[in-house]
Amino acid sequence: MAKETVLISGGAGYIGSHTAVELIAAGYDAVIIDNLSNSEAAAVEGVRRITGVDVPFERVDTCDEAALRRVFEKYDFGSVIHFAAYKAVGESVAEPLKYYRNNLASFMNVCALMKEFGRPNILFSSSATVYGEPDTLPVTEQTPRKPATSPYGNTKQMAEDILHDCCAAYEGLHGIALRYFNPIGAHPSALIGELPRGVPQNLVPYITQTAAGLRECLSIFGDDYDTPDGTCLRDYIDVVDLAKAHVAAVDRMTQRRMKEAYEIFNIGTGTPVSVLELVKGFERANGLTLNYKIVGRRAGDVKAVWADTQRANKELGWKAERPLEETLRSAWAWEKHVRGMN
Ligand code: NAD
Ligand code: WQD
């Protein structure tokens, strides 16, 4: 007997597809909507193959209020997980309105329809980007947010505020914002994973594409930071662990265990890893040598950010579990699957 139904906007994407799998494994029914602007319908097939469930999928743009309304009329879900957004930081600087429209207008549509239809629970994909370059480490949920340095980052801060304000104003509406650190890796089946379009901006897809021979050489952006080996420190969170954090947050909402109408949780491992450590870890985990060189710093990069995860550990009963080595093996297995190299 399924627990209840969860609507997953952006569920054909990287984190959404993994979350669909874990929700179904935990006994929820899932409905996926996505406009496939940054994903393929094959991801939904992957979810179906892994779970053995014919998960409903609707090609819907969350900016399209009428189309979204039809989804609310058709399916009886009590919770939505809103992943649907654009996420390229650099592009957001060049095309801010594209980001404000897609990431905020669509989110307001979701919030308004949740209120109108009396559906109680909204889970929002936020980001460690809200902390900017923090003054103290690790960051807790109380660590002050820094002024956003990109329109993308700004959309995360603004959407958090929109959710906070809606949950304060509208009786019965509950919201959780999960602030993800750096999601990496893929499902152990290698049937779903991250699918960047064009040249990857993020470290792990660049590493796997270099290993696959699509890119000649990985550029490490700066080794002159004030860190143990001079490269930046991040908190790399396995995508399956991250997906399970969503299940824990949905459980908290549906079981009415929330202490406030709006809550925030950091979702990371709590362990800082340098760029060089990650590269060497990838080589070790997969028994290969990566072509890389040190180049200058990338504009806008923060030196170090990692999570204090105590709140998520205690309140959600969730903890990152998958060893980094296994995560890095899964990233490579997925890349090989995508390139037909298996
Ligand atoms: P993704 O691009 O793989 O997934 C997002 C999905 O949303 C895509 O399938 C895309 O087609 C869809 N989408 C975008 N706009 C839409 C719209 N208007 N209507 C319907 N579907 C739409 O990205 P992801 O890495 O899975 O990220 C999911 C969420 O998590 C995003 O909100 C992102 O900002 C956030 N996030 C991601 C990271 C990261 O590093 N991957 C870190 C922190 C937060
Ligand atoms: C990680 C480290 C780079 C590529 C971004 C967004 C953030 C969030 C997660 C959504 C940094 C270094 C990278 C490369 C490198 N997304 N690097 N060579 O910048 O921490 O965060 O994704 O919310 O908002 O900004 O992640 O993977 O791009 O970089 O040396 O080719 O790897 O300098 O130190 P980042 P990343």
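The values are calculated or read from the model by the stated rules, or taken from the named source; none is laboratory data. Here the structure is a predicted model, which means the values were calculated and not measured. Neighbour counts run over all protein chains shown; Cβ positions are idealised from the backbone, glycine included. Please note that ligands, DNA and RNA were not included when accessible areas were found on the heavy atoms of the full protein model with its side chains. Shrake-Rupley method; radii C 1.70, N 1.55, O 1.52, S 1.80 Å.
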Size of electric dipole in the chain: Cβ of Lys, Arg +1 and of Asp, Glu -1, about Cα centre, debye, nearest 20
260
Cut-off under 29 Å on the C-alpha distance; same-chain residues fewer than 8 positions from LYS293 excluded. Which lysines are left, in chain and number order?
LYS87, LYS280, LYS303, LYS336
Summing +1 per Lys or Arg and -1 per Asp or Glu among the other residues with Cβ less than 11 Å from ASN35's Cβ gives -3
If you roll a 1.4 Å probe over the chain with all protein chains in place, what percent of the accessible area is carbon or sulfur?
49
Rounded accessible area per residue of the chain, 1.4 Å, Å²:
43
Order 227-234, 14-21, 215-222 from most to least packed using the mean count of other Cβ atoms within 10 Å.
14-21, 227-234, 215-222
Mean residue ellipticity (222 nm) of the chain, computed from DSSP H runs ≥ 4 via -39,500 (n - 2.57), nearest 500
-11000 deg cm²/dmol
Whole-number percent relative contact order across the chain, with pairs defined as alpha carbons under 8 Å at least 6 apart:
19
Using alpha-carbon coordinates alone, the radius of gyration and Dmax of the chain in Å work out to 19.2, 56
Sorted by chain and then number, the residues having a modelled amide H within less than 5 Å of the amide H of GLU263, at least 5 places away or on another chain, are GLY175, ILE176, ALA177
For the range 20-51 and the range 281-329, what is the separation of their Cα centres, given in Å?
25
Cross-link pairs beyond the 19 Å C-alpha cut-off, checked among LYS74/LYS115; LYS98/LYS156; LYS156/LYS259:
LYS156/LYS259
